[in-house]
Amino acid sequence: MHAPPTPFIRFLRCIATGATFLALAACGGGGSDTAAPASSGVSGAPSSVTGSSGATGTPGLLALDSGTSCGLPDFQNSLMQQINAARATARTCGSTAMPAVPPLAWNNRLFSAAARHSGDMATNNYFSHTGLSGSTPAQRIAAEGYAWSWAGENIAAGQQTATAVMNGWLASPGHCANIMRAEYRDVGVSCVQQNGSTYGKYWTMALARPQ
């Protein structure tokens, strides 16, 4: 009898300067697997992008409903309370001291980008910042009609509740720093469940700052 797979969290973060668009894929690999906290595993190279993106728009934004929130109660309010409570308190993310920063606002375009990626991962049973189409987080955000100057993404898989995924992200230096980044203004988080998939629940947090 096999043990259930350990929940995973992954965060991609690379910083560019200037006003030129930099695709996340250009950041390359790096980073290393680390020992997992009790509730989650952590892997991948920490990343965030600055630059600019013209918004392309989509036929329609995905709605927040039971299918894009794993059926969890009070999904949006619970996440926003936890995200902004975290940002309201100075903390150390790994070895980096992060000051308290202003709260984020929920953004329906970022939510739609997050929901599409969580749905893609859940339906196709994979776990990556790169979509099956080759899309990057920044491209997915722009495709929802959000013209960004900063864009980033946290993903996780296997956590059963909003509190569990937030605890996992805040316990990981890279994810924590992404949540605490002062440059971001907006956020959207989605969870999509697929029975029979490797991790069951697939989480995406999209963060951005408009142009």
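The values are calculated or read from the model by the stated rules, or taken from the named source; none is laboratory data. Not measured: the values here are computed from a predicted model. Neighbour counts are summed over all protein chains in view; Cβ atoms, including those assigned to glycine, are modelled from backbone coordinates with ideal geometry. Keep in mind that these areas ignore ligands, DNA and RNA; they rest on the heavy atoms of the full protein, side chains included. Shrake-Rupley method; radii C 1.70, N 1.55, O 1.52, S 1.80 Å.
Overview of results
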{"read-out": "Residues being in a loop (DSSP other than H, G, I, E, B), over 21 Å from Ala105 (Cβ atoms) and open to solvent by 10 Å² or more (accessible area, probe 1.4 Å) - total across segment 137-186", "value": "3"}
{"read-out": "Residue in segment 85-99 that is of a type in the set (Val, Ile, Thr) and open to solvent by less than 20 Å² (accessible area, probe 1.4 Å) present", "value": "no"}
{"read-out": "Residues that are open to solvent by less than 30 Å² (accessible area, probe 1.4 Å) and either in a loop (DSSP other than H, G, I, E, B) or small (Gly, Ala, Ser) (or both), drawn from segment 60-77", "value": "Thr68, Ser69, Cys70"}
{"read-out": "Hits in segment 94-125 (condition: aromatic (Phe, Trp, Tyr) and over 21 Å from Gly188 (Cα atoms))", "value": "none"}
{"read-out": "Number of the condition not met by Leu110 [criteria: (1) touching a Ser or Thr at 6+ places or on another chain (Cβ under 7 Å); (2) open to solvent by less than 10 Å² (accessible area, probe 1.4 Å); (3) within 21 Å of Gln81 (Cα to Cα)]", "value": "(1)"}
{"read-out": "Residue pairs meeting the criteria (Cβ under 7 Å; at least 6 apart or on separate chains; first in contact (Cβ under 8 Å) with a residue 60 or more places away in the chain, in segment 111-128; second β-branched (Val, Ile, Thr) and assigned to a helix (DSSP H, G or I))", "value": "Ala113/Ile141"}
{"read-out": "Matching residues in segment 81-110 - criterion: being part of a helix (DSSP H, G or I) and touching a residue at least 60 places away in the same chain (Cβ under 8 Å)", "value": "Gln82, Ile83, Ala86, Arg87, Asn108, Arg109, Leu110"}
{"read-out": "Filtered residue count, segment 119-129, keeping only those that are in a loop (DSSP other than H, G, I, E, B) and either farther than 22 Å from Trp106 by Cα or of a type in the set (S, T, N, Q) (or both)", "value": "4"}
{"read-out": "Count of segment 187-211 residues which are open to solvent by 10 Å² or more (accessible area, probe 1.4 Å), closer than 25 Å to Ala143 by Cβ and not charged (D, E, K, R)", "value": "7"}
{"read-out": "Single unsatisfied condition, Leu132 versus (1) more than 22 Å from Ser172 (Cβ to Cβ); (2) open to solvent by less than 40 Å² (accessible area, probe 1.4 Å); (3) outside any helix (DSSP H, G or I)", "value": "(2)"}
